[in-house]
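The values are calculated or read from the model by the stated rules, or taken from the named source; none is laboratory data. Note that the structure is a prediction, hence the values are computed from the model and not measured. With ideal geometry, Cβ positions are generated from the backbone for all residues, glycine too; neighbour counts draw on all protein chains shown.
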Amino acid sequence: MSEGLINTMFRGILPSTIKPVLADNNIVIKITEPEFREMALRGIDESFRKNIEIRIKEGYIEVTVRLL
């Protein structure tokens, strides 16, 4: 599978700065916490975004939503 095909598969899902890599028989995606937050909150109104906190911890992702 070529990297061009891999990039096409994830277009529109991953930010343009994130490039999936083919390693052996695996597709590897490395993403920082801020990049994941941006991807997860894409399309959510900016005024609501400030009430959502996303943290990547060891083995899980924690999402906290402050209630108004």
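Numbers at a glance
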{"item": "L67 vs. criteria surrounded by 10 or more Cβ atoms within 10 Å (Cβ to Cβ) and modelled with pLDDT of 80 or more", "result": "no"}
{"item": "Residue match in region 17-28 (condition: more than 16 Å from L5 (Cα to Cα) and without any contact (Cβ under 8 Å) to a residue 60 or more places away in the chain)", "result": "yes"}
{"item": "Members of region 29-68 that are within 26 Å of N7 (Cα to Cα), basic (K, R) and assigned to a loop (DSSP other than H, G, I, E, B)", "result": "K30, R42"}
{"item": "Region 29-55 residues that are modelled with pLDDT under 90, paired with ones that are part of a loop (DSSP other than H, G, I, E, B) and surrounded by fewer than 11 Cβ atoms within 10 Å (Cβ to Cβ) (beta carbon under 8 Å, 6 or more apart)", "result": "E35/T17"}
